[in-house]
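The next block holds one structure in the form of structure tokens; read it before the comments.
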Amino acid sequence: MSKQNLSRRKIVAANWKMNLDIDEAAEWLGEVGPALKDDDCDVFVFPSSVMIGDLMDMYEGDMLVFGAQNCSHKDSGAYTGEVSAKQLASVGIELVILGHSECREHFGETNEIIKQKLQQAVQNELMPIFCCGEPLEVRNKNEQKNYVKQQLEESLFGFSAAAITDIIIAYEPIWAIGTGLNATPEQAQEMHAFIRAEIAAKYSNEIAQQIRILYGGSCKPTNAKELFACADVDGGLIGGASLNPKDFLAIIRAL
Ligand code: PEP
């Protein structure tokens with residue numbers, strides 16, 4: 001997979017979360033794989049770690065890139081149940097989602113832990129998708145920009161300019177994840193433009209223009225087109241709707 005983002009090639013990424021067993025996943029692959037043409041976008045899929053290797057073996061095309069949904073913040077050692085970035089890279093995995101709000105909520109991942117996970121990913125040449133986004137109570141107080149700024153500063157902005165261009169960002173307002181209630185295109189564009197401006201202020205405008213920022217949160221075939229049409233939205237991280245091959249393909253076509 002090319003690490004060049006110069007033209008901000010769009011991305012549609014399927015986050016399956018803890019769904020689909022191997023038979024269901026194989027069926028999904030059998031339907032989505034052959035339907036992918038050179039759509040002029042990157043298509044990523046994030047299954048549960050246990051089945052990524054089997055799915056990579058099964059897949060005969062070259063359009064889909066497989067990634068993991070998380071990795072440890074540690075290099076190696078006595079961390080039962082964890083999978084390191086090095087282990088993921090050693091089996092040919094190129095991508096990892098980090099900082100997803102579900103991991104922040106259920107596993108207590110802090111901005112500092114996520115920074116360490118990002119360091120592990122970067123050191124092992126995995127391309128991370130770094131997730132950020134505010135909960136409903138923060139949005140209700142109109143404090144989403146400060147909230148996301150803190151996430152960026154505490155997890156991301158310690159990286160060098162060279163490293164940051166190989167990190168993908170996903171803006172995922174928590175109130176929109178799995179709720180059926182997506183951000184409006186105006187809300188998404190405002191936050192994406194804000195994130196890009198923060199990167200420009202910290203690094204440079206040139207770097208900010210290279211970084212891909214995905215939208216995530218109840219993206220589906222009926223709203224994908226208008227969300228993807230926003231100037232600073234470079235594609236989507238899709239949860240629920242990615243489980244259905246037809247819906248996922250329709251979202252790719254919306255690009
Ligand atoms: C996600 O979990 O990253 C996500 C965007 O989920 P959903 O599309 O189901 O809201």
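The values are calculated or read from the model by the stated rules, or taken from the named source; none is laboratory data. Predicted model, so just to flag it, every value in this text is computed and none were measured. Here the Cβ positions follow ideal geometry from the backbone for every residue, glycine too, while neighbour counts run over all protein chains shown. Keep in mind that these areas ignore ligands, DNA and RNA; they rest on the heavy atoms of the full protein, side chains included. Shrake-Rupley method; radii C 1.70, N 1.55, O 1.52, S 1.80 Å.
Considering (1) among the acidic types (Asp, Glu); (2) over 25 Å from Cys219 (Cβ atoms); (3) touching a Pro at 6+ places or on another chain (Cβ under 9 Å), the lone condition that Asp57 does not fulfil carries the number (3). If you go through region 229-245 and keep only what is among the aliphatic types (A, V, I, L, M), within 30 Å of Phe159 (Cβ to Cβ) and within 11 Å of the ligand (Cβ to nearest atom), you end up with Leu237, Ile238. Listed conditions (1) within 15 Å of the ligand (Cβ to nearest atom); (2) surrounded by fewer than 18 Cβ atoms within 10 Å (Cβ to Cβ) are all met by Phe248, apart from (2).
Taking the listed residues Glu186, Glu226, Glu206, the one that is within 16 Å of the ligand (Cβ to nearest atom) and either open to solvent by 20 Å² or more (accessible area, probe 1.4 Å) or free of Cβ contacts under 8 Å to residues at least 40 places away in the same chain (or both) is Glu226, with no other qualifying. Could you list, in sequence order, the residues of region 55-96 that are surrounded by 14 or more Cβ atoms within 10 Å (Cβ to Cβ) and over 24 Å from Phe130 (Cβ atoms)? Of everything in region 55-96, those that are surrounded by 14 or more Cβ atoms within 10 Å (Cβ to Cβ) and over 24 Å from Phe130 (Cβ atoms) turn out to be Met58, Tyr59. Restricting region 106-115 to residues that are assigned to a helix (DSSP H, G or I) and more than 16 Å from Ala68 (Cβ to Cβ) leaves a set whose member that is least open to solvent (accessible area, probe 1.4 Å) is Asn111. Inclusion of Leu255 among residues that are more than 12 Å from the ligand (Cβ to nearest atom) and within 21 Å of Leu36 (Cβ to Cβ) is warranted. Scanning region 136-147 turns up at least one residue that is touching a strand residue (DSSP E or B) at 6+ places or on another chain (Cβ under 9 Å) and surrounded by fewer than 20 Cβ atoms within 10 Å (Cβ to Cβ).
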